[in-house]
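S.K.: Here it is, the structure, as structure tokens.
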Ligand SMILES: Cc1cc2nc3c(=O)[nH]c(=O)nc-3n(C[C@H](O)[C@H](O)[C@H](O)COP(=O)(O)OP(=O)(O)OC[C@H]3O[C@@H](n4cnc5c(N)ncnc54)[C@H](O)[C@@H]3O)c2cc1C
């Protein structure tokens with residue numbers, strides 16, 4: 001058993017023992033009363049036998065399924081902004097989903113003003129900036145704690161049509177209150193001397209855009225959440241997949257979340273923030289009840305190339321090609337399988353540790369997360385079209401400093417995450433489907449979830465994200 005037992009105060013004994021686990025759980029019948037639970041289980045041969053006799057130690061106000069950036073920030077918001085207790089459960093570890101593969105840009109350059117996603121992203125960025133500021137005020141360095149960098153972002157176009165589009169975008173972004181500048185080819189060259197620039201190349205420049213490191217940010221948020229464990233308000237259950245929901249007899253709610261090792265009772269709300277797995281998980285959970293429930297979240301696989309301690313390229317800002325806006329399949333890139341819909345758009349950032357991150361691909365290949373070297377070659381070729389210096393280098397020469405991150409973005413067909421109450425249930429909420437913007441939208445999503453659960457007026461309208469809109 002991992003974190004869960006570390007944070008439990010009812011730990012009574014621990015001796016080495018053997019392989020299977022079993023439970024005896026005796027919940028009381030009153031939903032809101034204290035529960036009296038007792039159970040025993042045995043861990044694998046190398047593990048411990050934990051025998052606990054406890055009262056209410058498996059009952060929490062809020063149970064969160066999925067400890068990616070969305071689940072963790074939702075937990076954080078409940079802990080900081082209410083007095084509710086929170087349990088978070090994951091089938092793996094926090095960075096094992098899409099979150100661990102994220103490039104870390106929190107940019108507005110490629111987002112469209114006037115949309116619901118824009119409003120959520122704007123609020124989220126404000127909250128990220130407040131977090132970075134508050135770290136500074138407490139004497140911490142946000143670059144160390146969050147991998148935070150205010151590099152500004154450049155959305156780069158290379159054709160006349162793209163430059164015209166960028167002029168319109170800069171106007172739109174400025175009108176919506178952001179500092180935005182159109183850079184013609186000569187201005188762009190001065191800002192990014194290593195970028196290949198010809199007369200048609202131009203960029204939209206957002207000097208205030210920031211980036212973070214997903215692993216640092218997750219570690220920081222986990223640490224903050226764990227600060228509430230000693231007060232009995234927080235527990236983590238990792239490497240412990242959710243298997244089913246236990247329905248309450250008295251109302252249209254779910255009484256508990258059954259994992260492979262634990263039964264976690266919820267007094268107030270269950271939040272499913274299982275990223276790409278949300279659709280299949282909800283379908284399985286409802287199938288157990290003989291019901292159909294389909295949320296169209298699908299895994300969209302992405303590869304990201306990381307070159308550690310890379311100093312062969314000067315990169316002053318975060319860069320993204322204009323084609324990223326609609327994930328156009330690039331010319332010459334043939335996807336052998338039509339349904340796979342493979343596309344590669346150039347993104348380039350230098351992270352706080354000095355690694356060059358080059359992205360990224362998108363494709364629909366189910367839950368497959370195998371490394372595909374041909375996709376890496378496409379990414380390398382694409383970035384070489386923007387940075388001629390990289391064409392001189394062969395990827396095989398960089399193998400010692402090379403890492404590949406692969407993750408499944410939670411894709412929604414209408415491009416908006418799904419945030420809100422599951423129709424027909426009184427206490428189950430979804431927070432998923434952020435595709436390529438989950439890091440960026442996390443804090444705004446967390447605030448929205450807490451406001452919805454606590455029936456508080458939200459800073460951002462949650463209606464466009466409702467679950468009913470997407471039910472198939
Ligand atoms: C290559 C790449 C680059 C990206 N770059 C950026 C970027 O620069 N900026 C940005 O904003 N976004 C970026 N993203 C997108 C971002 O990473 C995702 O939108 C975000 O991580 C989604 O977070 P999540 O918490 O919803 O999902 P996840 O991180 O996938 O977390 C879901 C969690 O649910 C758990 N789970 C699943 N099933 C169960 C179960 N049965 N029981 C218990 N737990 C379960 C999983 O183990 C997982 O930990 C990128 C994504 C990729 C792939």
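The values are calculated or read from the model by the stated rules, or taken from the named source; none is laboratory data. Keep in mind it's a predicted model, so treat the numbers as computed, not measured. Virtual Cβ from ideal backbone geometry, glycine too; neighbours counted across all protein chains shown.
S.K.: When residue 111 is evaluated against the numbered criteria (1) modelled with pLDDT of 95 or more; (2) out of contact with any strand residue (DSSP E or B) (no Cβ under 8 Å at 6 or more places or on another chain), which criterion, by number, is the only one it fails?
M.R.: (1)
S.K.: Hey, another quick one. Going by the structure shown, is residue 125 over 17 Å from the mean Cα position of the chain (by Cα), under 24 Å from residue 275 (Cα atoms) and either within 8 Å of the ligand (Cβ to nearest atom) or not assigned by TED's automatic domain parsing to the domain that holds residue 438 (or both)?
M.R.: no
S.K.: Quick check on region 431-445. Is at least one of its residues under 15 Å from residue 270 (Cα atoms), within 12 Å of the ligand (Cβ to nearest atom) and not in a helix (DSSP H, G or I)?
M.R.: yes
S.K.: Being surrounded by fewer than 16 Cβ atoms within 10 Å (Cβ to Cβ) and in contact (Cβ under 8 Å) with a residue 24 or more places away in the chain is the filter here, so list the residues in region 151-166 that pass it.
M.R.: Of everything in region 151-166, those that are surrounded by fewer than 16 Cβ atoms within 10 Å (Cβ to Cβ) and in contact (Cβ under 8 Å) with a residue 24 or more places away in the chain turn out to be 159, 160.
S.K.: Just give me the residues in region 392-408 being surrounded by fewer than 24 Cβ atoms within 10 Å (Cβ to Cβ) and under 17 Å from the mean Cα position of the chain (by Cα), in sequence order.
M.R.: The first filter runs over region 392-408 and keeps only residues surrounded by fewer than 24 Cβ atoms within 10 Å (Cβ to Cβ), leaving 392-406, 408.
Selection gives 405, 406, 408.
Okay, residues lined up against (1) at pLDDT 50 or above; (2) within 17 Å of residue 434 (Cα to Cα); (3) more than 9 Å from the ligand (Cβ to nearest atom); (4) touching a strand residue (DSSP E or B) at 6+ places or on another chain (Cβ under 9 Å):
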site: 29; (1), (2), (3), (4): no, no, yes, no
site: 36; (1), (2), (3), (4): no, no, yes, yes
site: 50; (1), (2), (3), (4): no, no, yes, yes
site: 71; (1), (2), (3), (4): yes, yes, no, yes
site: 84; (1), (2), (3), (4): yes, no, yes, yes
site: 89; (1), (2), (3), (4): yes, no, no, yes
site: 99; (1), (2), (3), (4): yes, yes, no, yes
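S.K.: Has region 60-67 got at least one residue that is more than 16 Å from the ligand (Cβ to nearest atom), modelled with pLDDT of 90 or more, outside any loop (DSSP other than H, G, I, E, B) and under 22 Å from residue 244 (Cβ atoms)? Lay out the reasoning, then the answer.
M.R.: First, pick out the residues of region 60-67 that are more than 16 Å from the ligand (Cβ to nearest atom): 61.
Now drop any that are not modelled with pLDDT of 90 or more, which leaves 61.
From what is left, the residues that are outside any loop (DSSP other than H, G, I, E, B) are 61.
From what's left, under 22 Å from residue 244 (Cβ atoms): 61.
The answer is yes, given that some residue of region 60-67 is more than 16 Å from the ligand (Cβ to nearest atom), modelled with pLDDT of 90 or more, outside any loop (DSSP other than H, G, I, E, B) and under 22 Å from residue 244 (Cβ atoms).
S.K.: Identify, please: which residue in region 235-253 is surrounded by fewer than 23 Cβ atoms within 10 Å (Cβ to Cβ) and assigned to a strand (DSSP E or B) and is, among those, nearest to the ligand (Cβ to nearest atom)?
M.R.: In this case the residue turns out to be 243.
S.K.: Taking the stated definitions as given, is residue 275 closer than 29 Å to residue 342 by Cβ and either in contact with a helix residue (DSSP H, G or I) (Cβ under 6 Å, 6 or more places away or on another chain) or more than 15 Å from the ligand (Cβ to nearest atom) (or both)?
M.R.: On the way: closer than 29 Å to residue 342 by Cβ: yes; either in contact with a helix residue (DSSP H, G or I) (Cβ under 6 Å, 6 or more places away or on another chain) or more than 15 Å from the ligand (Cβ to nearest atom) (or both): yes.
When the stated conditions are applied, residue 275 passes them.
S.K.: Let me ask something additional. Between 173, 135, 188, which is modelled with pLDDT of 95 or more, buried (at least 16 other Cβ atoms within 10 Å of the Cβ) and in contact with a strand residue (DSSP E or B) (Cβ under 6 Å, 6 or more places away or on another chain)?
M.R.: Just a single option satisfies the conditions, and that option is 188.
S.K.: Next question, about the same structure. Go through (1) part of a helix (DSSP H, G or I); (2) in contact (Cβ under 8 Å) with a residue 40 or more places away in the chain one by one and return the number of the condition residue 195 breaks.
M.R.: Residue 195 satisfies all of (1) part of a helix (DSSP H, G or I); (2) in contact (Cβ under 8 Å) with a residue 40 or more places away in the chain except (1).
S.K.: Report the residue count in region 367-385 for those that are surrounded by 12 or more Cβ atoms within 10 Å (Cβ to Cβ) and either within 24 Å of residue 99 (Cβ to Cβ) or in contact with a strand residue (DSSP E or B) (Cβ under 6 Å, 6 or more places away or on another chain) (or both).
M.R.: Matching residues across region 367-385 total 9.
S.K.: Name the residues in region 421-466 that are in contact (Cβ under 8 Å) with a residue 24 or more places away in the chain, under 25 Å from residue 247 (Cβ atoms) and surrounded by fewer than 21 Cβ atoms within 10 Å (Cβ to Cβ), would you?
M.R.: 421, 423, 424, 425, 426, 452, 454, 466
S.K.: If you check every pair at least six apart or on different chains, which have Cβ atoms under 7 Å apart with a residue in region 200-224 that is closer than 25 Å to residue 79 by Cα and outside any loop (DSSP other than H, G, I, E, B) first and a residue that is more than 15 Å from the ligand (Cβ to nearest atom) and at pLDDT 95 or above second?
M.R.: Correct list of pairs: 216/145; 220/145.
S.K.: Also, quick follow-up: In region 209-234, which residue that is farther than 27 Å from residue 308 by Cβ and in contact with a strand residue (DSSP E or B) (Cβ under 9 Å, 6 or more places away or on another chain) is surrounded by the most Cβ atoms within 10 Å (Cβ to Cβ)?
M.R.: Out of the qualifying residues, it is 225.
S.K.: Restricting the search to region 254-284, which residues are closer than 25 Å to residue 411 by Cα and not in a strand (DSSP E or B)?
M.R.: The answer is 273, 274, 275, 276, 277, 278, 279, 280, 281, 282, 283, 284.
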